[in-house]
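To start, the structure itself, in structure tokens.
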Amino acid sequence: MSGPCAVHRTRVEWIDTDAAGIYHNTTVVRFAEAAEAELMRAYDIPGYFPVAPRVRYEVEFEASIRFGEEVETRVELIRLGRSSMTFGFEVWRTSGEGPRRRAARGSYVTVHVPDKEAGGSAPWPAAWRAALGGTGTAADLAGPDARTTH
């Protein structure tokens, strides 16, 4: 991972687990979005979440995390498109039984939908693109493979 990134550290709480005290699969989404919020704050992207619904989400679960264990989630912007962004993420167990271990990894795509009533996507604001490393040039806006941030 080498694009704009952020890290969120937290602890698995009881609400994050099933009855056996093992983290629930939906907890990974919360961890990734908390890291994404850190990224948007770090790059001064105000008002992002209400206009950036997720349209695709993929996760590979590799290890369990239990109630009370500490976790670190790293999210990275891996592709900045005209109206979409693709993020990669990893969730690591940083405390508990055994060594540091990756618990989950995946990716997701958000799309810029500034007008919910009109529907459809629109280009990301130029200031956001510039802050995240996009240039706003024709090549940068051309399509899915035109701009990669690694």
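When all protein chains stay in place, what accessible area (Å², nearest 10, 1.4 Å probe) is found for residue 24?
Ignoring ligands and nucleic acids, residue 24 comes out at about 80 Å².
Order the following by accessible area, largest value first: 44, 16. Probe radius 1.4 Å; ligands, DNA and RNA are ignored.
The ranking, largest first, comes out as 44, 16.
How much length, in nm to one decimal, is gained on full extension between residue 94 and residue 117, taken as 0.36 nm per residue of separation minus their Cα-Cα distance?
Working: separation 23, 0.36 × 23 = 8.28 nm, distance 4.31 nm.
My answer for the length gained is 4.0 nm.
Calculate how steeply helix 25-42 sits against the longest principal axis of the alpha-carbon atoms of the chain, using the helix alpha-carbon long axis, and give the answer as 0 to 90 degrees to the nearest 10.
Value to nearest ten degrees: 50.
Residue 40: net charge of surrounding residues, Cβ under 15 Å, Lys/Arg +1, Asp/Glu -1, itself excluded?
-1
Might you tell me the accessible area per residue for the range 1-57, computed with a 1.4 Å probe and given in Å²?
Result: 55 Å² per residue.
Which values, in whole Å and largest first, are the semi-axes of the equivalent ellipsoid of the chain obtained as the square root of 5 times each eigenvalue of the Cα gyration tensor? Write down the numbers at each step before the final one.
Values: eigenvalues 193, 49, 31 Å².
In descending order, the three semi-axes are 31, 16, 13 Å.
Which percent of the accessible area of the chain is formed by carbon and sulfur heavy atoms (probe 1.4 angstrom)?
53 percent
The values are calculated or read from the model by the stated rules, or taken from the named source; none is laboratory data. What you are looking at is a predicted structure, and each value in this text was computed from that prediction instead of being measured. Virtual Cβ from ideal backbone geometry, glycine too; neighbours counted across all protein chains shown. Just so you know, the surface numbers come from the protein's heavy atoms only, side chains and all, with ligands and any DNA or RNA stripped out. Shrake-Rupley method; radii C 1.70, N 1.55, O 1.52, S 1.80 Å.
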